[in-house]
1. What's the FRET efficiency of residue 96 with residue 421 using the Cβ-Cβ distance as r and R₀ = 35 Å, to the nearest 0.05?
2. What figure, in Å² to the nearest 10, do you get for the accessible area of residue 119 with a 1.4 Å probe and non-protein molecules left out?
3. I'd like the Karplus ³J(HN,Hα) series for segment 268-281: coefficients 6.51, -1.76, 1.60, θ = phi - 60°, whole numbers in Hz, and an x wherever there's a Gly or Pro.
4. Extending each Cα 7 Å along its Cβ direction at residue 367 and residue 15, get the distance between those two points in nm, one decimal.
5. Based on the mean of other Cβ atoms within 10 Å per residue, sort peptides 330-343, 12-25, 185-198 so the most packed one is first.
6. Per residue and in Å³, how big is the convex hull formed by the alpha-carbon atoms of segment 95-149?
7. When the chain is fully extended, how far beyond the present Cα-Cα distance does residue 227 get from residue 439, taking 0.36 nm per residue of separation?
8. Run the simple label-point estimate for residue 35 and residue 409 please: 7 Å along Cα→C-beta, distance reported in nm.
Amino acid sequence: MKQLTEAIEQITTYSRGVWLHRRYVIITAWLACLLGWYVVHQLPPVYESESKLYVETQTMLEPLLKGIAIRNNPDQEIKLLAKTLLSRPNLVKIARETDLDLQAVNDKQYESLIDTLMEDIKIQSSGRENIYVIRYHNKSPQLALKVVQATLNTFVENHLGSSRADSKGAEKFLSEQIAEYETRLVEAERKLSEFKKNKMFMMPSSESNYYSRLSAEKQNLESATLELQQLETRLVLAKAQLAPGSSDGGSTVSPDFVTPFDERIASLNTSLDGLLIKYTENHPDVVETQRLLSFLKQQRQDMLTQVASSDQSAGVANEYVQQLKMNVSELEAQVASARVKVAAYSRKVVEFESRLSQIPEIEAEYTGLNRDYEINRSQYEALLTRREAAELARKADVSEQDAQFRVIDPPRVPITPSGPKRLLLYTAVLFGAFGLGVMIAFIRSQISPTLISVSQLRTISEIPVFGFVSHTNKPQLLRRIRLHFIYFVLLTGLLLTLFATIMVNELLFGGTAEAISRVLK
């Protein structure tokens, strides 16, 4: 509480010090106000022109072309254009269209002109509504109109130009990529075709591969070898049966006399040998073969007995001998053919086996060629699809733009100036002048302080004060204080009256005079 009391007392002391030097307040206020008001009055009028632009980004084609054509986000494009509208190239273009560049004599003035345009042109966005407000102020209302109109035109032209440039650039890029991938695809097809021509028999396929073909050739070789062995066995038996009969044509019959059952018996013997290799003697096939073989041997023996007892045995024997010779000749021809077949299968098997080490390399090469071909083909088809989508989007842009620009409020020549705000400036000068005067009075009171209370003396001297004595000429001193107060009030009232006169004049005649001046120009 004591600190608060001391603080209040300190503030009171400072206030009394300023009040004692109030002449500095009124003198400073008069000087600052006269100078400030003159400067504000001499400020040239500034005219501001504005235009409101609405950008409609939702079109009827948007839902129809969704998923079919490549469409950019128009909202993002418009926002980006608004942010980059005040770039240096655009400002240079605006300066040339409005002839502002003619005001610059040298490069330094030209740079200053561009910087001023960047600061004075204001672009405000309302956000989701896509409404953009373009403002610009200048001493000339016609020039303000030209700058706003040029900025508005640049906004629209940049969008159209960027859309067309993006479309052309995308189509050019896609065409170049399609030509490149087409060349790659043709080269991949050529390599794959040559590979199939040269190594078709070693290529893996969906039906069989090299290993299955080798296994099939080995089975063919095994079958041909078994057939050759059978034919050779039959040939040996047939040659063994060519025992010479009686040269005189007697009735005796050789034990090796050829009968029609001999060939079947030899064939069954060969089959029985093969069955005994796989099965036991109790197997049904083995038992049946042995039974049939015993039956045929009995039939042969019966025939030999019948031939031996017949008078025509010699003639019959000679006839069978001739048949046997013919059979031997046929068997020899079949054996030769079978040997050729076995040799051919053997060569194929050897050839396939010699190339087994190359199979992994060939399959890897084929897989790589096929993979390259599929990749190039898929990329080529994808690029073709993209180009068709880009072409469709370009045609859609020609028929209806992604964004429709509608000028809600076109720029107009301003009738009344938008600035400077003289009323506000006059008021600011008044308060600033009084503030400056108070500050000077406070400084003066601190430079040459005046004791105005016992507490102030006690604080400064730190000596006990027991009392105080009034001034000896107090009435005269009071009259002097009252006179100074009257002077202060009169000067303050006169200053406020002057301020009110200036404000009324500005309200009644300031705007009208400037409008008349603008019309006359």
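The values are calculated or read from the model by the stated rules, or taken from the named source; none is laboratory data. Every value quoted in this text rests on a predicted model; they were computed, and no experiment measured them. Here Cβ is always computed from backbone atoms with ideal geometry, including for glycine, and neighbour counts include all displayed protein chains. In case anyone asks, the SASA skips ligands and DNA or RNA and just uses the protein heavy atoms, side chains included. Shrake-Rupley method; radii C 1.70, N 1.55, O 1.52, S 1.80 Å.
1. 0.60
2. Answer for residue 119: close to 120 Å² accessible.
3. Taking θ as phi minus 60°, the curve returns 5, 4, 5, 5, 5, 5, x, 5, 5, 5, 8, 10, 8, 6 Hz for segment 268-281.
4. Each label point is offset 7 Å from its Cα along the Cβ direction, giving 9.8 nm.
5. Highest mean packing first, the order is 12-25, 330-343, 185-198.
6. 85 Å³
7. Length gained between residue 227 and residue 439: 63.1 nm.
8. Calculated label separation equals 4.0 nm.
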